[in-house]
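J.: Below is the structure I would like to discuss, written out as structure tokens.
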Amino acid sequence: MSFTAPIASASAKELKQRAREQKRRELYREIRRYRSVYPLLLFGVAFFLVFAYYPMYGITLAFKHYSIGKGISGSDWVGLANFTKLFDRSEFWSVLNNTIVISLLKTIAFFPAPILLAILINEVGRRLARTLQIVYTLPHFLSWVTISAIMMNLLASSGAVNGLIEMLGGEKVGFLNEGALFRFLLVFTEIWKEAGWSCIIYMAAIAGIDQSQYESAIIDGASRFQKAVYITLPSLKNVAAILLLLSLGNVMNAGFDQIFNMYNPTVYNAADILDTYIYRISFMQAADYGLSTAVGLFKGVINCALLLFANYIAGKMSSESKII
Amino acid sequence: MDKALSRKPSPERRRKRDIPKMIIVAVLTVWGLIVFYPFYNSVLVSIVPMSEYIRQPFMLYPPELDFSSYKFILSWTTLSSGFKTTLIVTVFGVAYNLFLTVTMAYALAKPIPGRRIVNLFVVFTMFFQGGLIPSFLLIKDLGLMDNYLAMILPTGIGIMNLMIMRSYFYTIPVELEEAARLDGAGEFTILLRIFMPLSMPMLATIGLYYCVDRWNEWFHGLLYMRSVDKWPLQLLIRNMLASTSSITNLMPDSVKPNVFAQGIQMAVVIVTIIPVAILYPFLQKYFVKGLTLGGIKG
């Protein structure tokens, strides 16, 4: 017995090696078979290498003191100095707080809007639904520059809304200059711009519901409301949960385009978020590339962790929604 | 006769059934008006004379028509250069986007060894990015400051568009390409002659997505373009809002008394929205297709 063991293990080793060789030969064969496909991959890979991966190398600036003459690689290492400097700034904590608060406000207020719209649109005739949808989704295709131009004109102290308020005998409201109102405005314009577009996903989910469920509910005498609550809503549960999860995963992105184009110094303390702060310390105040890269890295790492976590949970709920 | 009568609900029943629906239609219409009104207001501001706007900025209809805002922007050369820039960025940018997306989607749709690694390599960039300063320094080091390429090159592949395109390519039957291969066609030929003609609806969809992004481009312009005559439209609008005096200073004296900053701003905004607003209702089905195909991942 003691002799057979080493022999058996030797042959097992041999078998394993043969299998590995076989596999490698198969791999080579496959690569040869598709060798003409690889060149097509090169363009995309080159794009990602240059414009996505090379900038990741630039993150080393977070640990350096950037000097223009020396470039990224030549600048001196300073360890964690940029981070200690950052954490000592009280404005950083207020910016971080703004980012999270604005994100959460938007997520919570936005979440039910497209679901409600989808359920309501589903109740009206096709032609009306189509017309409404064209109106609802148009803002999605415009930039925040355009939208904020329109909104700021509407809500400025000399704008139409304040004109109406005065006409009705009220006092002018500083929508763009009062912190709390401005945050409300951010949430409202987000819903205004994107709810109509988001609702299409839910409408697709509603279209996929088995019609016989509704038919038997009608026979049982269910009302319109009961059908919505007991049939439609439960079938939107998965889609809704995943969308909510993904927006929570994006909590560090409170909406740069929107805020950057709408805010002004009077609302910095309520609306300045990490991304706008990064822009300002990079290009507007005395530029400090090391410091702003450090803010970017701080944000990027937390964002990445949250996204991976959201992706993991979403994957547990349904394998289709998993990205990695 | 009996049948016709029984199909028609009695008046009481009909009214009872209609009330909830009327409420729903009312709610949806009110939301529609809320979405529509800001646009309508912008149109009004752009077509009334300054005196009317100052007297009462809230209007339901234009009390008096005055197109001097539009007359002014027609003669404003910076704006026409903005249009030129945006057109250049859109045309070449979308071509660049589509080329990169389609070639990569084609390669990844084949069962090539290593596609998992490449997939991960691509998707990782959604989770983590280099950030503002490293990207800015890259463009600077490449010597692309003030070059149109700085607005075109950095946005190449939208990962969702790549995935949508790839899953569409999966659906194209292998037999078609095998026949072409037997005739000696190379990969580029197969992609160009077989895959692309068969995926026209999908190409239109992602092409439109890219078009919208390019048309709305402003941030790369802000970062990289030093000369005002190379700014895209959106950046001009942004700058106009930040400093209204910069426009009024540009005004020729002949129009000065009639035009006002808000009117000009809204006229420019309307002019940039018009192409999107006109095309959009016709193209809506393509946009929606992309969203539902990308599904949750969009």
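The values are calculated or read from the model by the stated rules, or taken from the named source; none is laboratory data. Keep in mind the model is a prediction, meaning the values are calculated, not measured. Cβ atoms come from the backbone with ideal geometry, glycine included; neighbour counts cover every protein chain shown.
J.: Quick one: would you say B:PHE128 is aromatic (Phe, Trp, Tyr) and more than 7 Å from chain A (Cβ to nearest Cβ)?
T.: On the way: aromatic (Phe, Trp, Tyr): yes; more than 7 Å from chain A (Cβ to nearest Cβ): no.
It is false that B:PHE128 is aromatic (Phe, Trp, Tyr) and more than 7 Å from chain A (Cβ to nearest Cβ).
J.: Quick one: would you say A:LYS85 is more than 30 Å from B:PRO134 (Cβ to Cβ), among the basic types (Lys, Arg) and either crowded, with 21+ Cβ neighbours inside 10 Å or more than 9 Å from chain B (Cβ to nearest Cβ) (or both)?
T.: no
J.: Would you confirm, using the coordinates I've provided, whether B:SER69 is hydroxyl-bearing (Ser, Thr, Tyr), buried (at least 20 other Cβ atoms within 10 Å of the Cβ) and more than 23 Å from the chain's Cα centre (by Cα)?
T.: When the stated conditions are applied, B:SER69 passes them.
J.: May I ask you to list pairs of residues, at least six apart or on different chains, whose Cβ atoms are under 7 Å apart, with the first in the stretch A:84-101 being in contact (Cβ under 8 Å) with a residue 12 or more places away in the chain and the second being part of a loop (DSSP other than H, G, I, E, B)?
T.: A:VAL95/A:ASP272; A:VAL95/A:ILE273; A:ASN98/A:ASP272; A:ASN98/A:ILE273; A:THR99/A:MET252; A:THR99/A:ALA254; A:THR99/A:ILE273; A:ILE100/A:VAL251
J.: Moving on. Among the residues of the stretch B:216-228, is there at least one that is farther than 30 Å from A:PHE63 by Cα and surrounded by fewer than 19 Cβ atoms within 10 Å (Cβ to Cβ)?
T.: yes
J.: For the stretch B:103-118, name all the residues that are more than 7 Å from chain A (Cβ to nearest Cβ) and touching a Leu at 6+ places or on another chain (Cβ under 7 Å).
T.: Matches in the stretch B:103-118: B:ALA105, B:ARG115.
J.: Considering the stretch B:203-219 alone, what residues qualify as being under 12 Å from B:TYR168 (Cβ atoms) and either free of Cβ contacts under 8 Å to residues at least 60 places away in the same chain or among the hydroxyl-bearing types (Ser, Thr, Tyr) (or both)? Break it down stepwise before answering.
T.: Step one: list which residues in the stretch B:203-219 are under 12 Å from B:TYR168 (Cβ atoms), which gives B:203-206.
The one that is under 12 Å from B:TYR168 (Cβ atoms) and either free of Cβ contacts under 8 Å to residues at least 60 places away in the same chain or among the hydroxyl-bearing types (Ser, Thr, Tyr) (or both): B:THR205.
J.: So A:PHE175 ticks every box in (1) part of a helix (DSSP H, G or I); (2) under 24 Å from A:ASP272 (Cα atoms) but one. Which box is left unticked?
T.: Single failed check for A:PHE175: (1).
J.: Something else now. For the stretch A:59-72, which residues satisfy the criterion of being part of a helix (DSSP H, G or I) and touching a residue at least 12 places away in the same chain (Cβ under 8 Å)?
T.: Correct list: A:ILE59, A:THR60, A:LEU61, A:ALA62, A:PHE63, A:ILE72.
J.: Now for a different question. Just one of A:SER247, A:SER235 is more than 9 Å from chain B (Cβ to nearest Cβ), touching a Ser or Thr at 6+ places or on another chain (Cβ under 6 Å) and part of a helix (DSSP H, G or I); which is it? Write out each step before concluding.
T.: Details: A:SER235 fails: touching a Ser or Thr at 6+ places or on another chain (Cβ under 6 Å).
Sole residue among the options that is more than 9 Å from chain B (Cβ to nearest Cβ), touching a Ser or Thr at 6+ places or on another chain (Cβ under 6 Å) and part of a helix (DSSP H, G or I): A:SER247.
J.: Look at the stretch A:64-89 and say how many of its residues are modelled with pLDDT under 85 and of a type in the set (Val, Ile, Thr).
T.: 2
J.: Now, a different point. Test B:ASP146 against the criterion of being of a type in the set (Asp, Glu) and closer than 25 Å to A:VAL301 by Cβ, and give yes or no.
T.: No.
J.: Applying the selection to the stretch B:108-118, what residues are farther than 14 Å from A:ALA46 by Cα and in a helix (DSSP H, G or I)?
T.: B:LEU108, B:ALA109, B:ARG115, B:ARG116, B:ILE117
J.: Please determine whether any residue of the stretch B:169-187 is within 11 Å of chain A (Cβ to nearest Cβ), touching a Ser or Thr at 6+ places or on another chain (Cβ under 6 Å), in a helix (DSSP H, G or I) and not hydroxyl-bearing (Ser, Thr, Tyr).
T.: yes
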